[in-house]
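The values are calculated or read from the model by the stated rules, or taken from the named source; none is laboratory data. What you see is a predicted model; the values in this text were computed from it and never measured. Every residue, glycine as well, gets a Cβ built from its backbone with ideal geometry; the counts of neighbours run over all protein chains shown. For accessibility, only protein heavy atoms count, side chains too; no ligands or nucleic acids. Shrake-Rupley method; radii C 1.70, N 1.55, O 1.52, S 1.80 Å.
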Amino acid sequence: MEEKELDVNSLFNKFKENVLSYFYMLKSEFQEVNILINELKNYKPSKSDVREATITQKALNIAVVISYARNFKRSFGFNNVEEINILLKQRFTEVENELHKKMITERDREFAHSDAAANDIQIYSEGIFSHSRGTIRQLLEKGELLILQEMVTKIRTEIDKQIKFLKIYK
């Protein structure tokens, strides 16, 4: 795979905010993701059986998904990040790209929004209306966590490379 270079002039024209600040923010964010992954890896069971998971394990799983995926979404203050996102993922394998897509989808469908696909709402009437809600959330499996950790390592390496480049460029 051909390595992409950051077109700094183009990026500075599109990216109204300080690009170096954005990379430093990403550096901190992905350090946090790595810490969360390390913590979650230590929990048993390492399979995605949510019935056996502790509340802390479930919370760490949510934190890993959100903390990873939010860095690939547009947010207030930093726009036009698509080019940087492509750059961060350039060394991903096919398996890593699939897991990346899964992480973004889970963040959007299960955690950041109230999509019907992630919520099984049953309404019933026994004199008065009531309901039950079965939220279907799967934990990341140990193998997925190991792949994700390798992805974060690649991202962090690219971030460090770009920070070094931008410091020289300025």
### Summary
Among Ala59, Ala63, the single one that is at pLDDT 75 or above and open to solvent by less than 50 Å² (accessible area, probe 1.4 Å) is Ala63
### Message
Let me confirm something: among Gln138, Gln122, Gln149, which residue is modelled with pLDDT under 65 and either open to solvent by 30 Å² or more (accessible area, probe 1.4 Å) or β-branched (Val, Ile, Thr) (or both)?
### Response
Gln122
#### Entry: Flag for Asn97 being modelled with pLDDT of 95 or more and within 16 Å of Glu141 (Cα to Cα)
no
### Matching entry among Ile37, Ile86 (being within 24 Å of Gln162 (Cβ to Cβ), at pLDDT 95 or above and outside any strand (DSSP E or B))
Ile37
### Query
Asn80 versus (1) in a loop (DSSP other than H, G, I, E, B); (2) closer than 16 Å to Ser21 by Cα; (3) at pLDDT 90 or above: which is the lone unmet condition?
(3)
